[in-house]
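The values are calculated or read from the model by the stated rules, or taken from the named source; none is laboratory data. Remember, predicted model here, so these are calculated numbers, not experimental data. Glycine gets a Cβ as well: all are built from the backbone with ideal geometry, and neighbour counts include every protein chain shown.
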Amino acid sequence: MKIRKQQLLFLFKFRMLLVFGIVVAIAYCSISLFLFFQQPKFIFFPSTVIEKTPDSFNLPYQEVWLPVKTSLGKVEKIHAWWIPANQPDAKVLLYLHGNGLNIGANIAHSQRFHQLGFSVLLIDYRGYGRSQGDFPNEMRVYQDAATAWQYLTQQQQIPPQQIFIYGHSLGGAIAIDLAVKHPQAAGLIVESSFSSIREMISTRKWFSIFPIDLILTQRFDSIKKVPQLQMPVLFIHGTADSTVPAYMSQKLYDAAPEPKQLILVPNADHNNTAVTAGGKYLQWVQSFVQKAGM
């Protein structure tokens, strides 16, 4: 009788462990599938509320709407601001912002480039600000950046050699992708950006329990693209960046061909490199632009 009870107890524990294992496996697979289909929601944080416009900084500007054709043939419009320089035939900066908010949160920084004599085009990717379209993903934002490039070179008829591409954070990855596709651009400025989404995930330890290499669809693999650059590139990164580690810009710099430059800003975080550096920031950009034009 005692042996029988022990056998029944063993079978009960075995069944409980089996049920627990099945529940854990189902939960694990469910979360993996959720991450596979919903991962853009962990990368993009758009806002439709524009809190500031160029008027807030007394900047002259024009509202621009750029049509983008989707894979289904539907036309969606990207909202942009064109801030012309005070001088005719000025150099142009295509400004690609990061993964949060919208162009309204980037006016203060774009003003710095305008102070340097640039005409600036700021775009909101589809799903951001007043731009139309569904929630953004990697392919859509690449297409949006390409649409802005076409607007500058075809509608505005600006020579590619007069256009600098700027990207902050996630916008840096978008800028790198665009620069590789358009090697005739004057130069590339990448600020506070990362080497790849895969490496960013490796800094978030709890994600490591999932089969990241199998489920990752949003890759933004800049480290594999920068060796293909054919233009001067300036990397800027704060040493105290709490969002994207500064070593990632070092890796991008190491992988990029000459001419290139890396500036690490002491004590600067993810969004305040220009504020922390003060007037030096403008000097760095101005020097880079002058050297790129040689």
Residue within the stretch 48-63 that is assigned to a strand (DSSP E or B), more than 29 Å from Leu216 (Cβ to Cβ) and of a type outside the set (Asp, Glu) present: yes
Subset of the stretch 178-194 [polar (S, T, N, Q) and surrounded by fewer than 24 Cβ atoms within 10 Å (Cβ to Cβ)]: Gln184
Among the candidates Lys251, Lys291, Lys280, Lys260, residue that is farther than 21 Å from Leu93 by Cβ and among the charged types (D, E, K, R): Lys251
Subset of the stretch 153-177 [assigned to a helix (DSSP H, G or I), crowded, with 22+ Cβ neighbours inside 10 Å and out of contact with any Lys or Arg (no Cβ under 9 Å at 6 or more places or on another chain)]: Leu170, Gly171, Gly172, Ile174, Ala175
Flag for Phe118 being assigned by TED's automatic domain parsing to the domain that holds Tyr61, closer than 27 Å to Pro259 by Cβ and free of Cβ contacts under 8 Å to residues at least 60 places away in the same chain: yes
Scan of the stretch 108-135 for residues that are over 20 Å from Ile158 (Cα atoms), in contact with a strand residue (DSSP E or B) (Cβ under 8 Å, 6 or more places away or on another chain), modelled with pLDDT of 95 or more and not small (Gly, Ala, Ser), ordered by number: His109, Asp124, Tyr125, Arg126, Tyr128, Arg130, Gln132
